[in-house]
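The values are calculated or read from the model by the stated rules, or taken from the named source; none is laboratory data. Only a predicted model underlies this, so the values are computations on that prediction, with no experimental measurement involved. Because the Cβ atoms are built from the backbone with ideal geometry, glycine has one as well, and the counts that use them run over all protein chains shown. Calculation scope for accessible area: heavy atoms of the full protein, side chains included, ligands and nucleic acids excluded. Shrake-Rupley method; radii C 1.70, N 1.55, O 1.52, S 1.80 Å.
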Amino acid sequence: MRQVDHWIGGQRTQGSPKTMFEVTDPVAGSVIAQVPMASGSDVDAAVGAARSAWEGWREASISSRAAVMFALRELLEEHRLELAEMVSAEHGKVREDALGEMRRGIEVVEFACGVGQLLKGERTDDISTEHDAYTVRQPVGVVAGITPFNFPAMVPMWMYPVAIACGNCFVLKPSEKDPSVAVRIGELFADAGLPDGVFNVLHGDADAVNALCEHPGIDAVSFVGSTPIARHVHRTASMAGKRVQALGGAKNHMIVLPDADIGQAADAAVSAGYGSAGERCMAISVVVAVGAIADDLSGAICDRIDALRIGPGLGAEPVDMGPLVTAEHRDRVLSYIDLGESEGAVVLRDGRELVVDGHPDGYWVGPTLLDEVSTEMKVYEDEIFGPVLCLVRVESFEEAMELIENNQFGNGVALFTRDGGAARRFRREAPVGMVGVNVAIPVPMAYHSFGGWKDSLFGDHHMHGPEGIRFYTRLKAVTEHWPDPADRGVDLGFPTAR
Ligand code: NAD
């Protein structure tokens, strides 16, 4: 059985595990590796390695930090297929999708290559006679990153390239369900010239997460995952005096107005609803059809669902959608389809009985479309995180906007229309962090910042882009007085500009 290691202080190690977690192949439905769940002493070892490394890394010049990022970027490109296939083997997403995940992660490394430009402070000469003032941004110290299963390469890359380029050291606690790619990236970082201990990977469960959140050697915590755990991490780490950003779950709506191009909207709904089997925090999970277009829209969505190819993501035949990540998650998603049906939703396409030839034990759920969904139903309220799209029918744009307003989450939202006035009102009024107009998955580029509102984010900072720089640095304002030798003397008055 393959053993996944921690990556601590530039070394692979098993540490002294509390327990072992079994990593499965979602296509075969079998155990393919074991990963150690860190004990308290493993957490101390990882944090200790990062703290020791910080003494040197905080002093490393901006040019040398940027040089590591440039080298890492080249290595990630060179190994992109290998890394994408590692992701696919443990997560189940199809190869092309995993390659796209890698590309979007590498974009953050490219952003971090420009750290010299990003850390430039502000300066004002002559704020008072012979006085000058300026601001600098300094690293916060050692950062813990805790990440979910659905983007095992990209979501950690929202964090550590920016944190490390800013002069911090990093302890990554990836999801135990698909842990391998993080360790391989640790090796590539070493090949890129990163000193040992600046980037560490520690595998673990809730105990390891709680230990990191309360550890005196950790200065800041970046979390991405489900809303209940995001809330818990935000509270625990904040109480322990750390800087925290904790991104949570989502229920992303896509409103389709009567004037929209139905074909374009249906393409977008199916792509954003079923890509990566719906296991994306920016997946569309609710389509809101406004007015008389609902039947045409549901028909167009069904046509496209019927053409989707489902199968193993690393097979010889190209497919659109793979299995879900674990048997437990598949069962949870299936139970939501049962629940939706019992709540009165009309199951227009049913993924429950999907059979994939040659892979009887895979964690399959076919693309499912629930029509006539209402806001009281659990399938509407809860994040299902699978290939299940809910169709809600409303009469007006106002009614559609009320759904967005009243939703617990505020991660992503989209409007499909040809009406510029409606689009303008939508982008101004939607209480959501990332808004798309005729774009179903409005994930910002690396040089903008990613994050939601409401229960989709706890804390003040979004990830990467300018917000990432702010989160991983502390602002310092310096005031200097270099008097003319002829112009000195005691003055007990409160300093004011003169
Ligand atoms: P999860 O919350 O179960 O796990 C996230 C991390 O927290 C993992 O590293 C896990 O080991 C750890 N964890 C799990 N239970 C814990 C506990 N009780 N105490 C402390 N730590 C715990 O999330 P997941 O199932 O891995 O990922 C899917 C979720 O992540 C979805 O809700 C999805 O919307 C969300 N997500 C959000 C974003 C975003 O940007 N907002 C991005 C990706 C995923």
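Tabulated results
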quantity	calculated
Within region 327-352, considering residues that are β-branched (Val, Ile, Thr) and open to solvent by 20 Å² or more (accessible area, probe 1.4 Å), the one farthest from the chain's Cα centre (by Cα)	Val346
Positions within region 458-483 being open to solvent by less than 30 Å² (accessible area, probe 1.4 Å) and assigned to a helix (DSSP H, G or I), in sequence order	Gly465, Gly468, Ile469, Phe471
Filter result for Arg103 (at negative phi and surrounded by 17 or more Cβ atoms within 10 Å (Cβ to Cβ))	no
Test: Glu214 is within 12 Å of the ligand (Cβ to nearest atom) and of a type in the set (Asp, Glu)	yes
Residue match in region 424-447 (condition: part of a helix (DSSP H, G or I), of a type in the set (A, V, I, L, M, F, W, C) and over 26 Å from the mean Cα position of the chain (by Cα))	no
Lone unmet requirement of (1) on the phi < 0 side of the Ramachandran plot; (2) over 15 Å from the mean Cα position of the chain (by Cα); (3) part of a loop (DSSP other than H, G, I, E, B) for Ser175	(2)
Single residue of region 436-453 satisfying the filter (out of contact with any Leu (no Cβ under 7 Å at 6 or more places or on another chain) and open to solvent by 50 Å² or more (accessible area, probe 1.4 Å)) that is nearest to Ala246 (Cα to Cα)	Trp453
So Leu99, is it in the same structural domain as Gly217 (by TED's automatic domain parsing), of a type outside the set (Lys, Arg) and free of Cβ contacts under 8 Å to residues at least 24 places away in the same chain	yes
Residues located in region 231-249, provided they are assigned to a helix (DSSP H, G or I) and crowded, with 20+ Cβ neighbours inside 10 Å	Val233, His234, Ala237
Test result for Val43, more than 23 Å from Leu194 (Cα to Cα) and among the β-branched types (Val, Ile, Thr)	no
Among residues of region 286-298, those that are open to solvent by less than 30 Å² (accessible area, probe 1.4 Å) and of a type outside the set (A, V, I, L, M), counted	2
Strands (runs of 3 or more DSSP E) (entirely within region 47-154) containing at least 1 residues that are in contact with a Gly (Cβ under 9 Å, 6 or more places away or on another chain)	131-139, 142-146
Unique residue being open to solvent by less than 10 Å² (accessible area, probe 1.4 Å), more than 15 Å from the chain's Cα centre (by Cα) and not aliphatic (A, V, I, L, M) when the list is Lys93, Lys120	Lys93
Count of region 130-158 residues which are within 16 Å of the ligand (Cβ to nearest atom), farther than 19 Å from His215 by Cα and either surrounded by fewer than 18 Cβ atoms within 10 Å (Cβ to Cβ) or of a type outside the set (Phe, Trp, Tyr) (or both)	8
Sole residue being touching a helix residue (DSSP H, G or I) at 6+ places or on another chain (Cβ under 7 Å), in the same structural domain as Ala283 (by TED's automatic domain parsing), more than 16 Å from the ligand (Cβ to nearest atom) and closer than 20 Å to Val286 by Cβ, chosen from Val347, Val388, Val365, Val379	Val347
Count - residues of region 415-439 that are within 16 Å of the ligand (Cβ to nearest atom) and of a type in the set (A, V, I, L, M, F, W, C)	3
